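The values are calculated or read from the model by the stated rules, or taken from the named source; none is laboratory data. What you see is a predicted model, and the numbers here were worked out from it, not measured in a lab. Counting neighbours? That spans all protein chains shown, and the Cβs are built from the backbone with ideal geometry, glycine included. To get the accessible areas, we keep the full protein, side chains included, count just its heavy atoms, and leave off ligands, DNA and RNA. Shrake-Rupley method; radii C 1.70, N 1.55, O 1.52, S 1.80 Å.
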Amino acid sequence: MRVIDADAHVIENESTWDYMLESERQFKPKIVGATNAKDPFDYWLVDGRVIPRSNVGRELPVGAREMTDLSLRIKHMDELGINCQVIYPTFFITPISRRPDTDLAVTRSYNRWMANIIRKEPDRFGWVLVPPLQSTEHLAEELKYGKENGACGIYLRGLEVERMLSDPYFHSLYEQASALDLPICVHSANGAFTTYDFFADDPGFSKFKLAVIGAFHALVFHGIPQRFPKLRIGIIEVSAQWISYAVHDLRRRFARRGKSFPKNVLQENRIYVTCQTDDDLEDVLKYSGEDNLVIGTDYGHADNAAEIEALRKLRNEGRLPAPVVDKILQDNPAAFYGL
Amino acid sequence: MLTIDADAHVIECEKTWDYLEGSDKRYRPVPIAVDMPTGKKQNFWIIGGRLIGGRDNIGQDTSKESREMANIDSRLKHMDEIGTGVQVLYPTLFLRPVTDNPAIELALCRSYNRWMADIWSKDKKRLRWAVQLPLLTMDKALDELRWSHGNGACAVFMRGIETHHVLHDPYFFSLYEEASRLNMPIGIHSGIGNFTVNEMLGGEPFRVAKLMVIGGFHSMILNGIPEKFPKLRIGAIEVAAQWVPYLVHDLNLRFPKLAGQQARPDVLSGSHQLFVACQTDDDLPYVLQYAGENCLMIGSDYGHADNASELLALAKLKDNGEIDPHIIDKILTHNPTKFYGLDGD
């Protein structure tokens with residue numbers, strides 16, 4: 001059995017930006033620390049904004065979390081019973097810059113950095129590509145690069161470039177993702193300055209989690225899965241306990257419009273959701289079905305969703321029948337990421 | 001047993017603005033119908049140079065004179081027919097941001113509240129209402145709150161985001177203090193009070209109206225507003241209740257990370273301050289495991305025709321036999337009585 005961690009992270013470091021073109025070096029993010037040394041963490045400085053580097057699982061060795069020592073990371077994965085991790089970024093959890101040139105420079109460099117790391121152990125890792133959404137003229141080239149270099153998904157935040165994910169602005173992305181057989185992976189994160197800044201002191205519920213749940217709702221409500229019938233969609237790191245609420249709400253809205261509502265909205269729309277071990281999974285499964293749940297550890301992070309033992313716990317605690325656990329740990333993420 | 005509709009509406013009409021006084025009359029909203037590119041005609045108010053919508057969210061299962069309160073007897077008769085003893089009345093216009101101009105906001109709130117007080121005076125037992133406060137000017141908001149308390153208001157209407165602040169912001173602390181003193185709860189109703197966020201999210205109802213309220217409710221709990229104001233009651237209104245298990249799970253992952261706190265699985269079920277208006281299509285036996293018996297209320301959304309509207313919700317809850325009769329009594333009577341402070345009525 002090949003156990004897949006559907007949501008693991010890398011912590012970026014200075015070398016992440018070594019892949020910038022000479023002309024892009026001016027946009028290179030820098031690590032800075034407060035001079036009063038009161039904060040226990042430092043920051044990325046990029047385009048005049050600072051992004052805290054606070055969400056770091058410090059119990060993990062630096063080489064493992066920054067993926068500078070893959071043997072260390074793989075040894076740890078073996079201990080955890082994980083065969084494959086799909087790697088998500090950390091830097092891009094928040095909006096980065098309103099400047100398309102900065103956005104393009106950091107996304108391109110990140111993608112090349114990841115590709116170079118993952119190609120050393122392609123059987124043990126997959127990675128999601130960060131698309132340069134402010135530079136649509138470079139999108140196709142970047143997606144192609146990702147596909148040819150082992151990317152197994154496209155990273156999106158709950159809101160992107162001050163838009164909802166149902167916006168026609170993204171239709172071209174969805175079309176290209178479908179053609180390349182790359183799923184879109186809507187991760188707990190927010191790429192819109194408007195709401196990110198409004199909820200500045202929110203710990204992540206409103207600005208990250210609800211943004212993603214809103215994205216799920218909007219994608220289904222606006223028929224994006226029907227418009228792009230080969231597109232697979234992942235809802236990542238917001239747990240799965242919310243599914244019943246969104247489904248109840250959608251069902252009402254469809255009924256009011258005289259539209260039939262799918263019996264299994266996730267399955268019929270090719271939507272996969274990462275669950276957590278503290279979800280009421282027996283109840284969640286009534287709405288999600290067995291074939292559309294996956295699970296991740298949030299490896300590398302120290303936030304609300306981080307549970308390094310999540311996969312083993314799901315297997316060992318015996319709450320769900322073994323065949324269902326197998327699907328969540330292996331079959332479903334393999335189908336979603338095309339692994 | 002007096003059944004209480006915890007969420008009913010009035011549809012504002014020309015009469016709503018007849019209470020504008022003096023120079024405030026220049027702010028009188030102007031009704032306008034616009035032929036939209038879709039071929040449909042839509043109705044708006046012009047307020048401070050902006051087109052403000054929502055005038056087409058009208059429940060055709062109610063008569064115009066009832067929903068606009070032009071004929072109180074007609075409304076009361078209809079309430080009798082659908083088995084409702086008391087309705088708590090919420091606005092329609094203010095479910096969205098209306099103005100950023102404090103003078104206009106104050107004028108419209110004052111007029112709306114006086115219209116509501118006038119309605120209440122026709123039947124002080126059966127028609128209670130939530131006061132609309134001019135929150136851009138807090139001192140005026142507190143004056144209005146005190147005035148409304150003596151004129152039939154039984155709750156403070158708030159939306160998921162108000163002005164330029166999240167609901168746990170200290171900006172609102174004086175309001176929470178005064179509301180506690182007056183025994184008036186905060187009804188966080190489906191809606192949003194901030195133009196910027198509303199427009200960024202395209203005015204999409206699920207996001208701007210529902211999720212913002214859940215986020216506001218979550219942030220108030222996480223930031224200890226109930227503990228800071230131990231007499232304050234807080235309700236989440238017209239966002240259903242199916243999200244309650246998700247909220248409780250999320251809070252309980254966060255509580256242990258806060259200094260001096262531990263997990264509180266009973267954060268709702270053990271609280272005397274937190275309330276949620278449910279809907280009949282919620283999975284209530286499941287929701288009750290998290291909300292407990294003393295938290296849930298129910299509303300009909302009377303007067304509207306949106307996703308939450310269910311004119312016969314109260315009767316349906318009684319008839320569907322899904323939950324124990326004594327819990328139904330709590331949802332229909334005891335809990336809303338407690339939340340809205342109607343015990344003395």
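Quick one: what does P(r) look like for the protein assembly as shown with 20 Å bins over all Cα pairs, in whole %?
With 20 Å bins starting at 0, P(r) equals 18, 50, 28, 4.
Given 4 °C and 1.567 mPa s, compute D for region A:261-325 with the Stokes-Einstein relation, Rh being the Kirkwood radius over Cα pairs; round to the nearest whole µm²/s.
Rounded, D is 102 µm²/s.
Please give the residues of region B:150-174, grouped as numeric ranges, whose backbone N is less than 16 Å from a label point set 7 Å along the Cα-to-Cβ vector of B:R181.
B:150, B:172-174, by backbone N distance to the label point.
Taking the Cα atoms of region B:1-70 alone, what are Rg (to one decimal) and Dmax (as a whole number) in Å?
15.1, 50
On average, how many beta carbons from a partner chain sit within 10 Å of the beta carbon of a residue in A:242-254?
That works out to 6 on average.
Put a dot 7 Å past each Cα toward the Cβ at B:K228 and B:R146; how far apart are the dots in nm?
Using points 7 Å along Cα→Cβ, the separation is 2.3 nm.
Please average, across the residues of B:242-253, the number of beta carbons from any other chain that are within 10 Å of each residue's own beta carbon, and give a whole number.
6
Taking every Cα atom in region A:50-196, find the radius of gyration and the maximum pairwise distance Dmax, and write them in Å.
15.6, 45
For the protein assembly as shown, what does the helix formula give at 222 nm: sum of -39500 (n - 2.57) over DSSP H segments with n ≥ 4, over the residue count, nearest 500 deg cm²/dmol?
The helix-only estimate for the protein assembly as shown comes to -9500 deg cm²/dmol at 222 nm.
If Rh is defined by the Kirkwood formula over all Cα pairs and Rg also comes from Cα, what ratio Rg/Rh do you get for region A:287-339?
0.98
Compute the Kirkwood hydrodynamic radius of region A:104-259, taking the inverse of the mean of 1/r over all pairs of distinct Cα atoms, and give it in Å to one decimal.
16.4 Å
From the convex hull of the Cα coordinates of region B:162-225, what is the mean projected area in square nanometres?
It is 4.2 nm².
For a test of the definition: using alpha carbon positions, the gyration tensor, and the 1.5 limit on a/c, classify region A:146-191 as rounded, prolate or oblate.
oblate
Over the residues of chain A, compute the C-alpha Rg and express it relative to 2.2 N^0.38 Å.
Dividing the Cα radius of gyration by 2.2 N^0.38 Å gives 0.95.
Just to be sure I understand: of the beta bridges DSSP finds with both ends in chain A, what percent are antiparallel, rounded to 5?
Around 25 percent antiparallel, to the nearest 5.
Under a point spin-label approximation (7 Å from Cα along Cα-to-Cβ), what is the A:L339-A:S15 distance to one decimal in nm?
2.4 nm
What is the log10 of I(q)/I(0) for chain B, computed with the Debye formula using one identical point scatterer on each Cα and no solvent, at q = 0.06, 0.07, 0.13 Å⁻¹?
Those come out to -0.19, -0.27, -0.97, one per q.
Cβ neighbours within 10 Å, averaged per peptide: list B:70-83, B:90-103 in order, most packed at the top.
Listed from highest to lowest mean packing, they are B:90-103, B:70-83.
In whole Å, what are the Cα extents of region B:1-137 along the three principal axes, biggest one first?
So the extents along the principal axes, rounded to whole Å, are 47, 39, 21.
Explain nothing, just the number: relative contact order of region B:280-320, from Cα pairs under 8 Å at least 6 residues apart, as a whole percent.
After rounding, I find 35 percent.
Report the net charge of residues surrounding B:V131, where surrounding means a beta-carbon distance below 14 angstrom and charges are Lys +1, Arg +1, Asp -1, Glu -1.
Charge balance near B:V131 sits at 0.
Taking the Cα atoms of region A:210-338 alone, what are Rg (to one decimal) and Dmax (as a whole number) in Å?
14.7, 46
Which order do peptides A:68-77, B:329-338, A:276-285, A:242-251 fall in by mean Cβ count within 10 Å, highest first?
A:242-251, B:329-338, A:276-285, A:68-77
With each label point set 7 Å from Cα along the Cα-Cβ vector, what nm distance links B:V30 and A:L72?
Between B:V30 and A:L72, the label points sit 6.9 nm apart.
Run through every distinct alpha carbon pair of region B:216-337 and return the Kirkwood hydrodynamic radius in angstroms, one decimal place.
This gives a value of 15.0 Å.
How much net charge surrounds A:R99 when only other residues with a Cβ under 13 Å from its Cβ are counted (Lys, Arg +1; Asp, Glu -1)?
Charge balance in the 13 Å sphere: -2.
Could you sort the peptides B:227-233, A:212-218 by per-residue average Cβ neighbour count (10 Å cutoff), highest mean leading?
So the order, starting with the most tightly packed, is A:212-218, B:227-233.
Please label the shape of region A:77-145 as rounded, prolate or oblate, based on the square roots a ≥ b ≥ c of the eigenvalues of the alpha-carbon gyration tensor (a/c under 1.5 means rounded; beyond that, a/b larger than b/c means prolate, else oblate).
Because a/c hits 1.5 or more and a/b exceeds b/c, region A:77-145 counts as prolate.
Say R0 is 41 Å: what FRET efficiency, to the nearest 0.05, do A:R58 and B:D266 get from their beta-carbon distance?
Between A:R58 and B:D266 the formula returns 0.80.
What percent does the relative contact order of region B:151-304 come to when contacts are Cα pairs within less than 8 Å and at least six residues apart?
21 percent
If N is the number of residues in region B:98-141, what value comes out of its Cα radius of gyration divided by 2.2 N^0.38 Å?
Computed over Cα atoms of region B:98-141, the ratio equals 1.28.
Pairs of Cα atoms under 8 Å, at least six residues apart: use those to get the relative contact order of chain A, whole percent.
19 percent
Express in Å², to the nearest 10, the accessible area of A:R98 obtained by rolling a 1.4 Å probe over the protein heavy atoms while all chains stay in place.
For A:R98, solvent-accessible area is about 150 Å².
Order A:F336, A:F41 by their accessible area, 1.4 angstrom probe, all chains in place, largest first.
Largest to smallest exposure gives the sequence A:F41, A:F336.
Mean shadow of region B:231-282, computed from the convex hull of its alpha carbons, in nm²?
4.1 nm²
Tally Lys/Arg at +1 and Asp/Glu at -1 over every other residue whose Cβ is under 15 Å from the Cβ of B:R146; what's the total?
In short, -1.
Within region A:60-79, whose backbone N sits under 17 Å from a point 7 Å along Cα→Cβ of A:N316?
Zone members listed by number: A:76-79.
With only alpha-carbon pairs counted, each pair once and no self-pairs, how large is the Kirkwood hydrodynamic radius of region A:1-95 in angstroms?
15.1 Å
Step through the table entries B:K77/B:K330; B:K125/B:K338; A:K207/B:K228; A:K30/A:K144; A:K28/A:K207, compare each Cα-Cα distance with 18 Å, and write down the pairs that go over it.
B:K77/B:K330; A:K207/B:K228; A:K30/A:K144; A:K28/A:K207
To the nearest 0.05, how large is the calculated FRET efficiency for A:S260 and B:N252 if R₀ is 30 Å and r is the Cβ-Cβ distance?
Once rounded, the FRET efficiency stands at 0.25.
Provide a whole-number value for the mean count of partner chain Cβ atoms within 10 Å of the Cβ atoms in peptide A:202-211.
6
At a temperature of 10 °C and a viscosity of 1.306 mPa s, determine how fast region B:142-300 diffuses translationally according to Stokes-Einstein, using the Kirkwood radius over alpha-carbon pairs as Rh; express D in µm²/s, rounded to the nearest whole number.
The Stokes-Einstein estimate is 99 µm²/s.
When the convex hull of the Cα atoms of region A:18-57 is projected onto a plane and the area is averaged over all directions, what value comes out in nm²?
Computing the convex hull of the Cα atoms and averaging its projections yields 3.7 nm².
I want to verify the translational diffusion coefficient of region B:77-192 in µm²/s; compute it with Stokes-Einstein, Rh as the Kirkwood radius over Cα pairs, at 20 °C and 1.002 mPa s.
For the chosen part, D equals 147 µm²/s.
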